[in-house]
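Here's the structure we're looking at; comments come further down.
The values are calculated or read from the model by the stated rules, or taken from the named source; none is laboratory data. Because the structure is predicted, anything quoted here is derived from the model rather than measured. Cβ atoms come from the backbone with ideal geometry, glycine included; neighbour counts cover every protein chain shown.
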Amino acid sequence: MTRPHLILNDELTWHDRKKWNEALSRLRDLFSHHKSDLSEMGRLARGLKGQIAAVDHFIQLNTAQVCPNCQKVCCINKHGYYDYQDLIYITALGLTPPLYGESIVDTAPCQFLSEYGCAIERSIRPFRCNWHFCTDLIDFMSAGPAKPLREFNLQFKKLQALRQEMIDYFFFILSRDNNLDVP
Ligand code: SF4
Ligand code: SF4
């Protein structure tokens, strides 16, 4: 169970730039100055990245059939920002978040939506983007062959568990070692 945290919690948003930058800078400091304490995080994050990549083909096959006909595309700008768990994940991978465009309202089309779909590789998209399946998509997937769907469901459960393990481990390390805490 992830414990509540002063800065790394559901309240963290890019729109509060001061807190966002502070969280990023603390995370970078943590990962660069406490490599040995957090080395397991890199392994977990790389495992999760591989697991997300493993479901890419199946999702892509299905979205390619359903999404081009969509009348109400779900990719609006507010979904394109990382949350605090995404930030922990990409920092553990040694990556940095994209530079978000200024003055784009949350309800506008997502700034990463290109004519070919999402411009961000699936394995490092905001996690919410990877588990959003609208009714049309679910219906289409359910009407397809059962075996690939079963395999996908299994892989998807695995990746959710891996992500939880990574986040739990991160907060376990922080709380075990108070001097690593992010105030
Ligand atoms: S996932 Fe569903 S809502 Fe989103 S673009 Fe595809 S069809 Fe539309
Ligand atoms: S999938 Fe990509 S384009 Fe769609 S909301 Fe997420 S980041 Fe934006």
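Results for (1) out of contact with any helix residue (DSSP H, G or I) (no Cβ under 8 Å at 6 or more places or on another chain); (2) among the charged types (D, E, K, R), shown as yes or no for each residue.
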| site | (1), (2) |
| --- | --- |
| 107 | no, no |
| 123 | no, no |
| 128 | no, yes |
| 133 | no, no |
| 141 | no, no |
| 157 | yes, yes |
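Can we say residue 139 is surrounded by fewer than 16 Cβ atoms within 10 Å (Cβ to Cβ) and either within 16 Å of ligand 1 (Cβ to nearest atom) or touching a residue at least 24 places away in the same chain (Cβ under 8 Å) (or both)? So that I can check it myself, show each step before the final result.
Values: surrounded by fewer than 16 Cβ atoms within 10 Å (Cβ to Cβ): yes; either within 16 Å of ligand 1 (Cβ to nearest atom) or touching a residue at least 24 places away in the same chain (Cβ under 8 Å) (or both): yes.
Against the criterion (surrounded by fewer than 16 Cβ atoms within 10 Å (Cβ to Cβ) and either within 16 Å of ligand 1 (Cβ to nearest atom) or touching a residue at least 24 places away in the same chain (Cβ under 8 Å) (or both)), residue 139 qualifies.
On the basis of being within 16 Å of ligand 1 (Cβ to nearest atom), of a type in the set (Gly, Ala, Ser), more than 16 Å from residue 13 (Cα to Cα) and in contact (Cβ under 8 Å) with a residue 40 or more places away in the chain, does residue 80 make the cut?
It is false that residue 80 is within 16 Å of ligand 1 (Cβ to nearest atom), of a type in the set (Gly, Ala, Ser), more than 16 Å from residue 13 (Cα to Cα) and in contact (Cβ under 8 Å) with a residue 40 or more places away in the chain.
What residue, among those in segment 103-112 that are surrounded by fewer than 18 Cβ atoms within 10 Å (Cβ to Cβ) and touching a residue at least 24 places away in the same chain (Cβ under 8 Å), is nearest to residue 45 (Cα to Cα)? Break it down stepwise before answering.
Narrowing segment 103-112 to residues surrounded by fewer than 18 Cβ atoms within 10 Å (Cβ to Cβ): 103-109, 111.
This time we only want the ones that are touching a residue at least 24 places away in the same chain (Cβ under 8 Å), so: 104-109, 111.
On the way: 104: 30, 105: 31, 106: 28, 107: 30, 108: 31, 109: 29, 111: 25 Å.
Checking each candidate, the answer is 111.
Of the residues 100, 81, only one is at pLDDT 95 or above, surrounded by 14 or more Cβ atoms within 10 Å (Cβ to Cβ) and within 27 Å of residue 153 (Cα to Cα); which? Before the answer, list the steps.
Details: 100 fails: within 27 Å of residue 153 (Cα to Cα).
The conditions single out 81.
Would segment 144-162 turn up any residue that is within 13 Å of the chain's Cα centre (by Cα), away from ligand 2 (no atom under 16 Å from the Cβ), under 21 Å from residue 8 (Cα atoms) and crowded, with 16+ Cβ neighbours inside 10 Å?
yes
Across segment 111-132, which residue is modelled with the highest pLDDT among those that are over 21 Å from residue 49 (Cβ atoms) and assigned to a loop (DSSP other than H, G, I, E, B)? It would help to see each step written out before you state the result.
Going through segment 111-132, the residues over 21 Å from residue 49 (Cβ atoms) turn out to be 111, 113-116.
Remaining after also requiring assigned to a loop (DSSP other than H, G, I, E, B): 111, 115-116.
Details: 111: 98, 115: 88, 116: 87.
Taking the candidates together, the pick is 111.
Would you point out the residue of segment 12-48, among those that are more than 16 Å from the chain's Cα centre (by Cα) and assigned to a loop (DSSP other than H, G, I, E, B), that is surrounded by the most Cβ atoms within 10 Å (Cβ to Cβ)?
Applying the filter and picking the extreme gives 38.
Would you point out the residue of segment 49-71, among those that are surrounded by fewer than 16 Cβ atoms within 10 Å (Cβ to Cβ) and more than 16 Å from ligand 1 (Cβ to nearest atom), that is farthest from the chain's Cα centre (by Cα)?
By that ranking, first place goes to 57.
Just give me the residues in segment 72-94 being within 15 Å of ligand 2 (Cβ to nearest atom), part of a loop (DSSP other than H, G, I, E, B) and over 14 Å from the mean Cα position of the chain (by Cα), in sequence order.
Hits for segment 72-94 are 72, 73, 74, 75.
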